[in-house]
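Some notes on the structure that comes next.
No value in this document is a laboratory result; all are computed from the given coordinates. Quick caveat: nothing in here was measured; it's all calculated off a predicted structure. FYI the Cβ positions are ideal-geometry reconstructions off the backbone, even for glycines, and counts take in every protein chain you see.
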Number of protein chains: 2
Amino acid sequence: MGSEDRLQRITMTPAARRVLEAAARLFYERGIHAVGVDLIAAEAGVTKKTLYDRFGCKEQIVVEYLADRDERWRAFLAGHLDAAPAAPAARVLAVFDASREWAAQHSHKGCSMVNAHAEISDPAHPAYPIITGQKQWMLTLFTDLARDIIPERAGHLGRTLMLLHEGALVAQGLNIYADPIGHAREQAHALLAAT
Amino acid sequence: MGSEDRLQRITMTPAARRVLEAAARLFYERGIHAVGVDLIAAEAGVTKKTLYDRFGCKEQIVVEYLADRDERWRAFLAGHLDAAPAAPAARVLAVFDASREWAAQHSHKGCSMVNAHAEISDPAHPAYPIITGQKQWMLTLFTDLARDIIPERAGHLGRTLMLLHEGALVAQGLNIYADPIGHAREQAHALLAAT
DNA sequence: GGGTAGGTATACAGATCGGTATAGTTAAGG
DNA sequence: CCTTAACTATACCGATCTGTATACCTACCC
């Protein structure tokens, strides 16, 4: 949480919000390097001057895009976990349910973090820790949930759930077959039942 | 096979080969849009004119890059499958072994097809069928292998293996934890043993 | 021995890139 | 009433982008 605060601190005026919305849509849909600031400004209905007054540089827009997406996803997931039954296995399945719903709404092209990682190679890039941070956080989450099921093999189970989840996101983005997240959920269910 | 022949047909002179090698390395490492033709030509020790005489346009270099990588991977995998025991389960594990070895050698940043898909949004792009084609081919392979184990649930098992495999490639590329492909192999083994 | 294929070297064209400069507008707040 | 923040509009900068043009070299092959 602290890391996002240090990175993502920008006066979120109405125009800035429109810029971020347009940038998020374009970056996700076409890729980061393929989208220029002129296009972002035009799509946001905003002058380039305003854009640069708010964000300073394109790199900062990228950082805000990923940090915002990360924040929204965590909040979305938290909502699903709060609404889920207390049974440990049900909470694991709630993660997959959240992912399926999220994918249907915002991400038909796979995980934005994975996609961004394909374009951002330099670990010194300010957006880099956001990408790896979310994945580490997800692994920790799965491991924590696994600890309530089989404490002695929490790490092992957590890593397996992570694999199923990431694989499902890729399969969903590349349209390899229908409803891979549902399939992953089913596999997770079988895995937990066998324990 | 037929589709690659139609797409990838370029006179592979020594200079063209050097261009392709440089482009493959740079595209994979830094992303496709982030790498310019001038850099490719310089790294290949070749004039821009030669580059354009061989490939015509940058897009064609991208196509050759992905088609070549796809071809190499399939040949690499075929070698591992040929060397594997005839037992169906062993052949499944051989795929994961091949992936682990391939990743250690050529791909520390995840699957080049998935990464390229993050940058190529347009399905009309000539490289698009190469990307989706490889994933479909892998799903078919897993399903065919699964058919020799439990014919009545081959599709189901094939999709699960695909999930584990894709998830492992992502986890490996993002460095989420150590040796995810080995972990996926282990899970595949447990899955087949339980059948 | 002349044509052709595969090169090198260099210069350039037109578009687009990220980013800046200048000038003016509008609304809120002490 | 005057300042300031948040904007619009437009023009511009230098760098970099994909792609082309011109001229020359060299080996091979019929």
To the nearest 10 degrees, how steep is helix A:88-106 against the longest Cα principal axis of chain A, on a 0 to 90 scale? 30 degrees
Averaged over its residues, how many other protein chain Cβ atoms are within 10 Å of peptide B:20-30's Cβ atoms? 1
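Over the stretch B:71-195, calculate the relative contact order: mean separation of alpha carbon pairs under 8 Å at least 6 apart, over the residue count, as a percent. All intermediate terms of the calculation are to be shown ahead of the outcome.
On the way: 111 pairs, mean separation 34.9, N = 125.
Rounded, it is 28 percent for the stretch B:71-195.
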Other copies of B:ALA124: label-to-label distances in nm, shortest first, labels 7 Å along the beta-carbon direction: 4.1
Starting from a label point 7 Å past Cα on the Cβ side, list the distances from B:GLU152 to the same position in the other copies, nm, shortest first. 3.4
Three-way shape call for chain A based on the alpha-carbon gyration tensor, with the a/c threshold at 1.5: prolate
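Once you sort the root eigenvalues of the Cα gyration tensor of the stretch A:1-73 as a ≥ b ≥ c, which label holds: rounded (a/c under 1.5), prolate (a/b larger than b/c) or oblate (the other case)?
Values: a/c = 1.82, a/b = 1.29, b/c = 1.41.
Since a/c reaches 1.5 but b/c is at least a/b, the shape of the stretch A:1-73 is classed as oblate.
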Set of lysines near B:LYS49 by C-alpha distance (under 19 Å), chain-local residues within fewer than 8 positions excluded: B:LYS58
When the helix-only estimate is applied to chain B (DSSP H runs of n ≥ 4, each -39,500 (n - 2.57), divided by the residue count), what is the mean residue ellipticity at 222 nm, nearest 500 deg cm²/dmol? -24000 deg cm²/dmol
Zone of A:GLU59's modelled label, taken as backbone nitrogen in the stretch A:100-122 under 14 Å from a point 7 Å along Cα→Cβ: A:120-122
Among rounded, prolate and oblate, which fits the protein assembly as shown when a ≥ b ≥ c are the square roots of the eigenvalues of its C-alpha gyration tensor, a/c under 1.5 means rounded, and a/b larger than b/c means prolate? oblate
Modelled FRET efficiency - R0 41 Å, A:THR13 with B:ARG153, Cβ distances, 0.05 increments: 0.15
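How high is the relative contact order of the stretch B:71-131? Use alpha-carbon pairs under 8 Å, at least six apart in sequence, and give a whole percent.
Numbers: 24 pairs, mean separation 13.6, N = 61.
Worked out over the stretch B:71-131, it gives 22 percent.
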Please turn the phi angles of the stretch A:9-26 into ³J(HN,Hα) values with the Karplus equation 6.51 cos²θ - 1.76 cosθ + 1.60 (θ = phi - 60°), one per residue in order, whole Hz, x for glycine and proline. 9, 9, 5, 8, 5, x, 5, 4, 5, 5, 4, 5, 4, 5, 4, 4, 4, 5
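Multiply the residue gap between A:GLU29 and A:ASP122 by 0.36 nm, knock off their C-alpha separation, and tell me the result in nm, one decimal place. Each step should come with its number before you reach the end.
Numbers: separation 93, 0.36 × 93 = 33.48 nm, distance 2.18 nm.
Result: 31.3 nm gained on full extension.
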